[in-house]
């Protein structure tokens, strides 16, 4: 089985780095979709089958938290795993994300091997 992943970050460099990490990870990645903010990510989610979302929190137009809240209200978080990649690693923020249904989080700067392990665990159903 191959997977479609959505990468959401306002930094083009971060999006490209995550996409490259996914492509060379050895995981069965079919396609990597990219969005520069939460609003665009929600459009992509409506138009495409996505198996996993990797998102930043702090973005213009629509933040990652606003996107997550919209996904939760639409019932998407129960079936679509989300991993937050953020520099805001406070205990309160992490608890808030988990209460909303976020599957996991990674702290910036992320290391490729951490991205690979987290994505692999989620896609294989071990998280």
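The values are calculated or read from the model by the stated rules, or taken from the named source; none is laboratory data. Worth saying up front: this structure is predicted, and the values here are computed from it rather than measured. Methodologically, a virtual Cβ is constructed for each residue, glycine included, from the backbone with ideal geometry; neighbour enumeration extends over all protein chains shown.
With respect to (1) out of contact with any helix residue (DSSP H, G or I) (no Cβ under 7 Å at 6 or more places or on another chain); (2) surrounded by fewer than 17 Cβ atoms within 10 Å (Cβ to Cβ), the lone exception for residue 10 is condition (2). Reported count of residues in the stretch 99-117, each being within 25 Å of residue 73 (Cβ to Cβ) and either surrounded by fewer than 13 Cβ atoms within 10 Å (Cβ to Cβ) or touching a residue at least 24 places away in the same chain (Cβ under 8 Å) (or both), is 5. Scanning the stretch 1-36 for residues that are in contact with a strand residue (DSSP E or B) (Cβ under 7 Å, 6 or more places away or on another chain), in contact (Cβ under 8 Å) with a residue 60 or more places away in the chain and in a helix (DSSP H, G or I) yields 18, 22. Starting from residues that are surrounded by 16 or more Cβ atoms within 10 Å (Cβ to Cβ) and either modelled with pLDDT under 95 or out of contact with any helix residue (DSSP H, G or I) (no Cβ under 8 Å at 6 or more places or on another chain) (or both), keep the ones in the stretch 38-50 and report whichever is nearest to residue 88 (Cα to Cα). Ranking the candidates gives 40 first. Anything in the stretch 60-80 that is under 21 Å from residue 4 (Cβ atoms) and surrounded by 21 or more Cβ atoms within 10 Å (Cβ to Cβ)? List them, or say none. Listed by number, the residues that qualify are 64, 67, 68, 71.
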